[in-house]
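The values are calculated or read from the model by the stated rules, or taken from the named source; none is laboratory data. Bear in mind the structure is a predicted one, so any value in this text is a computation, not a measurement. Cβ atoms come from the backbone with ideal geometry, glycine included; neighbour counts cover every protein chain shown. Accessible surface is based on the protein model in full, side chains and every heavy atom, while ligands, DNA and RNA are left aside. Shrake-Rupley method; radii C 1.70, N 1.55, O 1.52, S 1.80 Å.
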Amino acid sequence: MSVDGYLETLRREGRIVVVGASLAGLRAAETLRAEGFAGTLTMVGDEPHEPYDRPPLSKQVLLGKVPADHTVLPRRRPVDAEWRLGAAATGLDLAAKQVRLADGDAIDYDRLLITTGVRARPWPRELEADLDGVCVLRTRDDAIRLHHRLKAGPRRVLVIGAGFTGSEIASACRERGLPVTVAERGPAPLVGALGGVVGEVAAELQRAHGVDLRCGVQVTGLEGDSAGRVRQAHFSDGTAVESDVVVVALGATRNTEWLADSGLGAGPRGIACDAGCRAFDVRGIVTDDVFVAGDVARSPHPLFGYQFLSLEHWGNAVSQAEVAAHNMISASADRRPHLWMPSFWSAQFGVNIKSVGVPPMADQIIVTQGSLAEQRFTAAYGYQGRVIAAVTFDQAKWLDFYERQIEQAAPFPPEFTTVDRRPEGLQPVPAGFPDPSLPSHGPTVTLSGHSPTDRRVSFTPRRA
């Protein structure tokens, strides 16, 4: 059968399976139908819920302003799919083109899209993690449980980790009038995402709102009472805090374990794919029938040195899902690259924080408008003499301008004059990101053989 004939048959009567009933999975399904796919569509999800919106979970849901079951994502069009909710995928047979499920079933596919996303990284000590009152926040059910805990009026909440999620949870606690301690092993909140300069602003913001912020410390243990309820946390500096709710906000783990023996290039950092969203196998060769989108995908971006980026961003999940779905049913000449500009937003302590580009790539930062001291500013990040990212605190109106600067590889420091430029923004300073030479947690890859015919790659995924 010719390529054109195969695609015509695929679009008319093919079988497409989407593993991951998420934002990315839903938007991909809608795109497939919008572009004329008339075959069988199966949506697989490990949670029993229809796709829902996650950003409100750490904000409006925790504050009791929006019920968790009101976060279901609106449908842009009917998707006419078979939904296999509450049945996690447990394995993938690339040769047989088959997805295995936890309930024992197997689903055949002609093309597969993986949008399994991430999950909250749990507290590493299982006995302590099982104490009553120790929580994480990633899913709708997590948000319901944590909301009930906060509504009950705990004596004190301890948040472990001061990234975006941890900081938003601390903000919600203070808005509810709850005492909260935040423990962060880095020198400041948000330092991994926005660097030390902006992290200091975030630290002042938290302290000004009554957060007991403790940076440069690690939680060395959680202690429970005789009834199995958490009651105290011990820190590496020898201090301790009494707390009856502990929220573990130590980042996310990508849901790739079910692919460990599949032959795909999947590991704790995600599933590697090309700019067209086709997954790589363990040899680094793109597959023909497996595509990836959303938080679990790692794809190269030409604007950022062709680095493989994993982006846990709402907008990226939508954009990449639409590109992947289009490419799944299109001829090679009609396929599109996923070239979305990374962006992020967060609302915490009454401040709207937004960024574009990839700040952690930067080595310098300059405040181009406003003032760090006033916690209302715009800052540009530079790398090798070009603008690579920007962040705003309550100045989001400038982000479109900086997005164009990044796209055009504008020189850094910016050559243009700006309004509201203060003395602190006349010269760039080190951005203050953690040392990138620290060990990563990638898979083990080894090469064997000498001639081109017996050269082999062995790929050992590392468990998160």
Being among the aromatic types (Phe, Trp, Tyr) and modelled with pLDDT of 95 or more narrows it down to one of 345, 258, so name that one. 258
Pairs under 9 Å by beta carbon, first residue of a type in the set (A, V, I, L, M, F, W, C) and outside any helix (DSSP H, G or I) in region 142-157, partner open to solvent by 60 Å² or more (accessible area, probe 1.4 Å) and modelled with pLDDT of 95 or more, six or more apart or different chains? 157/149
Scan region 99-122 for residues that are in a loop (DSSP other than H, G, I, E, B), buried (at least 21 other Cβ atoms within 10 Å of the Cβ) and under 24 Å from the mean Cα position of the chain (by Cα) and jot them down. 115, 116, 117
I'd like to check something: does region 39-55 contain any residue that is under 20 Å from residue 314 (Cα atoms), in contact with a His (Cβ under 6 Å, 6 or more places away or on another chain) and part of a loop (DSSP other than H, G, I, E, B)? no
When the residues of region 281-305 are filtered to those that are part of a strand (DSSP E or B), of a type in the set (A, V, I, L, M, F, W, C) and more than 20 Å from the chain's Cα centre (by Cα), which remaining residue is farthest from residue 115 (Cα to Cα)? 286
Selection status of residue 301, touching a residue at least 12 places away in the same chain (Cβ under 8 Å) and closer than 25 Å to residue 77 by Cα: no
Would you confirm whether or not region 190-203 contains a residue that is closer than 23 Å to residue 352 by Cβ, modelled with pLDDT of 95 or more and part of a loop (DSSP other than H, G, I, E, B)? yes
Any pair with Cβ under 6 angstrom, 6 or more apart, that starts in region 121-136 at a residue that is under 17 Å from residue 225 (Cα atoms) and ends at one that is part of a loop (DSSP other than H, G, I, E, B) and open to solvent by 30 Å² or more (accessible area, probe 1.4 Å): 129/122; 133/244
Within region 170-196, can you find the residues that are more than 23 Å from the chain's Cα centre (by Cα) and open to solvent by 20 Å² or more (accessible area, probe 1.4 Å)? 174, 175, 176, 177, 179
Identify all residues within region 342-381 that are surrounded by 18 or more Cβ atoms within 10 Å (Cβ to Cβ), assigned to a loop (DSSP other than H, G, I, E, B) and hydrophobic (A, V, I, L, M, F, W, C); write none if there are none. 349, 358, 362, 372
